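The values are calculated or read from the model by the stated rules, or taken from the named source; none is laboratory data. Since we're looking at a predicted model, the values are computed, not measured. All Cβ positions, even for glycine, are placed from backbone atoms using ideal geometry, and neighbour counts span all protein chains on display.
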Amino acid sequence: MNLLKEFLFNPPEYMMPLDQPPLETLPQWGHWLETPELMVAIIPPGHLEANIRSPLNLVVTSFGETRGIAAFNADRLQPYQALPGGFDIVPQGSTYTSVEDASCFVVFGYSQSFLQRVVRVEAEGQTIELQPGQIPKTSWGLSAALAMQEFFDNGQIGGAFYLESVATAVLAQIIYRRSSLSGRLKRPPEFLDPNLLKQVLEYIRANLSQELNLNQIAATVGFSP
């Protein structure tokens, strides 16, 4: 069974009403891929107006420079710039409002259960929250965006397993840099205990005939993906 659901949206404009309460659903913009706990979308360049209270933990990175005005979980719009490889973070339940001329960008959307599972050991039972705002330009951010573009364009080789792997690596870096755990972590979370590597490889080899995903492997082998 294919765990990926694919959608292609091509609205006439990329605009949400700015004079109304924030929308509480994601706008149907661009090219989407979804699993039960994760979505990744690539949005084409152009003028956009956003006004959302996010239903997911959103992490956004751009291929080029974006300028405009924006507010992260605040009422007042401020001058806004996003550079290639930088990140915008919009936690679940927080608001994001903007008027911007955007380059092509990638949106990672994570359920709260996905977020908690990535840092299950480090969190020690606490609820993890991402912090709204921006992370400056990074080389690995642009690499992740390019990896997603290639994945979308070249037949989605690797399926849900590859999509979740890249998305998890991105999320680990965001948790390390901009979350309620940031001050407690000396490095990004390691979501594969070396002692379990042999079991993971054995599981993958035994199940090569079916679609694999990180959640399935974690539930069977017993580690936090």
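Below are the figures for this structure:
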| quantity | calculated |
| --- | --- |
| Contacts under 7 angstrom Cβ, first residue in the stretch 76-99 being charged (D, E, K, R), partner surrounded by 20 or more Cβ atoms within 10 Å (Cβ to Cβ) and in a loop (DSSP other than H, G, I, E, B), 6 or more apart | none |
| Conditions (1) under 28 Å from Gln126 (Cβ atoms); (2) surrounded by fewer than 18 Cβ atoms within 10 Å (Cβ to Cβ); (3) of a type in the set (S, T, N, Q): number failed by Gln78 | (1) |
| Exclusive hit being surrounded by 20 or more Cβ atoms within 10 Å (Cβ to Cβ) and within 20 Å of Ala160 (Cα to Cα), set Gly109, Gly85 | Gly109 |
| Of all residues making up the stretch 34-56, the number that are in a strand (DSSP E or B), in contact with a Leu (Cβ under 9 Å, 6 or more places away or on another chain) and among the small types (Gly, Ala, Ser) | 2 |
| The listed residue being farther than 20 Å from Pro91 by Cβ and touching a Phe, Trp or Tyr at 6+ places or on another chain (Cβ under 7 Å), out of Gln28, Gln20 | Gln28 |
| Tabulated pairs, the stretch 131-157, first within 19 Å of Arg67 (Cβ to Cβ), second of a type in the set (D, E, K, R) and part of a strand (DSSP E or B), C-beta under 6 angstrom, 6+ apart or interchain | Gln134/Asp88 |
| Pair list, Cβ < 7 Å and 6+ apart or interchain, from the stretch 28-50 residues that are more than 19 Å from Phe63 (Cα to Cα) and without any contact (Cβ under 8 Å) to a residue 40 or more places away in the chain to residues that are of a type in the set (Lys, Arg) and in a strand (DSSP E or B) | Glu34/Lys5 |
| Residue pairs meeting the criteria (Cβ under 6 Å; at least 6 apart or on separate chains; first farther than 11 Å from Glu49 by Cα, in the stretch 9-21; second surrounded by 13 or more Cβ atoms within 10 Å (Cβ to Cβ) and among the hydrophobic types (A, V, I, L, M, F, W, C)) | Phe9/Trp29 |
| Members of the stretch 80-123 found to be under 20 Å from Pro27 (Cα atoms), under 15 Å from the mean Cα position of the chain (by Cα) and either of a type in the set (A, V, I, L, M) or modelled with pLDDT under 95 (or both), listed by number | Ile89, Val90, Val106, Val107, Ser111, Gln112 |
| Meets criteria (surrounded by fewer than 17 Cβ atoms within 10 Å (Cβ to Cβ), out of contact with any Lys or Arg (no Cβ under 6 Å at 6 or more places or on another chain) and outside any loop (DSSP other than H, G, I, E, B)) for Leu146 | yes |
| Scan of the stretch 1-33 for residues that are more than 26 Å from Thr168 (Cβ to Cβ), of a type in the set (A, V, I, L, M, F, W, C) and not in a loop (DSSP other than H, G, I, E, B), ordered by number | Met15, Leu23 |
| Which listed residue is touching a His at 6+ places or on another chain (Cβ under 9 Å) and surrounded by fewer than 21 Cβ atoms within 10 Å (Cβ to Cβ), from Glu100, Glu65 | Glu100 |
| Every residue from the stretch 40-59 that is surrounded by fewer than 21 Cβ atoms within 10 Å (Cβ to Cβ) and farther than 16 Å from Tyr96 by Cβ | Ile42, Pro44, Pro45, Gly46, His47 |
